[in-house]
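Visitor: Handing you a structure now.
The values are calculated or read from the model by the stated rules, or taken from the named source; none is laboratory data. All values derive from a computational prediction rather than experimental measurement. Ideal geometry is used to build each Cβ from the backbone, glycine not excepted, and the neighbour counts take in all protein chains shown. The protein model used for the area step is the full one, side chains on, heavy atoms only, and it has no ligands, DNA or RNA in it. Shrake-Rupley method; radii C 1.70, N 1.55, O 1.52, S 1.80 Å.
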Amino acid sequence: MLKAVTNAVLRCHNRPWRNVLLCQQIIASRCYQDTRKFTSSDSASDSQERAVENKTTVDNLYKFSVNIKKIRQLKGWVLYKDVTYVEETANILKEMGASDVTVANILESCPESFLQEPTEIKTQKSIWNLVCPKDRELVSLIEKFPDSFFICKSPTTQRANIKYFQDLGLNNKIVSRLLTSAPQIFCNQVESNKKVVDALEENYLSLGGKRENFKTWIMKLISQDPFVLLKTTETMKENLKFLRDLGFHDEKVLKLLSKLKGFIFDLKTDTMEKGVLFTKSTFSCNNEELRDIIMKCPALLYYSVPLLEERLQLLLREGASINQVKECPNVLELTPQIVQFRARKIQQLGRTIQDQSLEVLNGTKKDFEVSYGKLQVRKERPIFNPVAPLHVDE
């Protein structure tokens, strides 16, 4: 278990910060699997005890057009359980408005669903209805995130946390997003979640944030990175002190806190120090320029130096200059594959990245498509020069 989580963390180190939330979800999901009601270790012993699949279970799954082969490949152990509730689970979903196809999808992707007693499912439904009262919308959420609905079992703390987040000012849409993307935080005691939120509020106010704006700020932060509620607060205080020692004024630290999101809890002083030294030596910048560069690219504080060097060398090989990277340092957040692909696309237009701002490489796939489209238009429709001589027949 520990080895799997460690490997997942290492893989996340080589991904841009935009993908880290996804890595965090994968890691948290693996950790959570260990504590859920139905574990793989149970499945192994159970399959050894029984040599034959539960015929009633298999027949009922066929009845609802479920792909048995898929279940055998992914979680075949569920088919050996003595007691299952395939029909009951399917009927509850149908009563909520689920189609036959939706029912089959849910049973296939989360076979643990039909191991739940009907009363457990109805209790979970009543809890999720607190933030998603319309059953058809709830069915859509369950189809997309069946594990979050069926596996997380902590009714009392779930209800208490939902009320706490609603009282905090989070609307039902955001709370339902938290339920689906980070169900673990609803299994925490309310006091644990409140402790983190209180620490965030204390630091937000100490950095000059206004109390009346805190709810909006915390709502945005938690919706972007709900896993901040699974962190400890001591590291955050140390990291904020490090940023202040670098000369960042409170207003800038507050902006960085928003940009870093949950990273502020994970940063290590030695990593940040190495990132600062790399930035200073690479861009030959003074302290004021250093702060400007970090504001543009907070990843310089949490990416390892070898990773930053690798990405910088690639940009230089593609024709960019150090000054260009200094002006647009957040290109270092892009993976080598993305940089190479976008550079080739620009070259196809007869252009090179050294004769323009590196902003053309930046952003999401959609952002790049917009920038690329503008370059393409310029190539196809040259700018009209009103003083150029006209070439006409005499």
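Visitor: Can you give the extra length, in nm with one decimal, that the chain gains between residue 65 and residue 156 once fully stretched, where that is 0.36 nm per residue apart less the Cα-Cα distance?
Guide: 29.3 nm
Visitor: Considering only C-alpha atoms, what is the centroid distance from the stretch 106-122 to the stretch 300-339, in Å?
Guide: Between the Cα centres of the stretch 106-122 and the stretch 300-339 lies a distance of 47 Å.
Visitor: Still on this model: Carbon and sulfur atoms: what percent of the 1.4 Å accessible area of the stretch 132-225 do they account for?
Guide: Carbon and sulfur atoms account for 50 percent of the accessible area of the stretch 132-225.
Visitor: At a probe size of 1.4 Å, how large is the accessible area of residue 59, to the nearest 10 Å²?
Guide: Residue 59 exposes around 70 Å² with every protein chain in place.
Visitor: Could you derive backbone 3J(HN,Hα) for the stretch 157-170 from the dihedral phi with the Karplus parameters 6.51, -1.76 and 1.60 (θ = phi - 60°), listing whole Hz in sequence and x where the residue is Gly or Pro?
Guide: 5, 4, 4, 5, 6, 4, 5, 4, 5, 5, 5, 5, x, 6
Visitor: Could you state the number of Å between the C-alpha centres of the stretch 346-361 and the stretch 155-189?
Guide: 46 Å
Visitor: Report the local net charge at residue 264: Lys and Arg +1, Asp and Glu -1, summed over other residues whose C-beta lies under 11 Å from its C-beta.
Guide: Neighbour charge sum, excluding residue 264 itself: +1.
Visitor: If r is the Cβ-Cβ distance from residue 94 to residue 126 and R0 is 22 Å, what FRET efficiency results, to the nearest 0.05?
Guide: 0.80
Visitor: Between residue 287 and residue 349, what length in nm is gained on full extension when 0.36 nm per residue of separation is reduced by their alpha carbon distance?
Guide: Full-extension gain reported as 18.4 nm.
Visitor: Mind checking which lysines have their C-alpha under 28 Å from residue 366, skipping anything on the same chain fewer than 8 residues away?
Guide: 144, 173, 220, 255, 259, 261, 296, 326, 345, 374, 379
Visitor: What accessible area per residue, rounded to a whole number of Å², is obtained for the stretch 48-90 using a probe radius of 1.4 Å?
Guide: In whole numbers, the stretch 48-90 has 61 Å² accessible per residue.
Visitor: Here is a further query. If packing is taken as the average number of other Cβ atoms within 10 Å across a peptide's residues, how do 270-282, 363-375 rank, most packed first?
Guide: By packing density, highest mean first, the sequence is 270-282, 363-375.
Visitor: Any idea of the accessible area per residue across the stretch 98-231, 1.4 Å probe, to the nearest Å²?
Guide: Dividing the accessible area of the stretch 98-231 by its residue count gives 43 Å².
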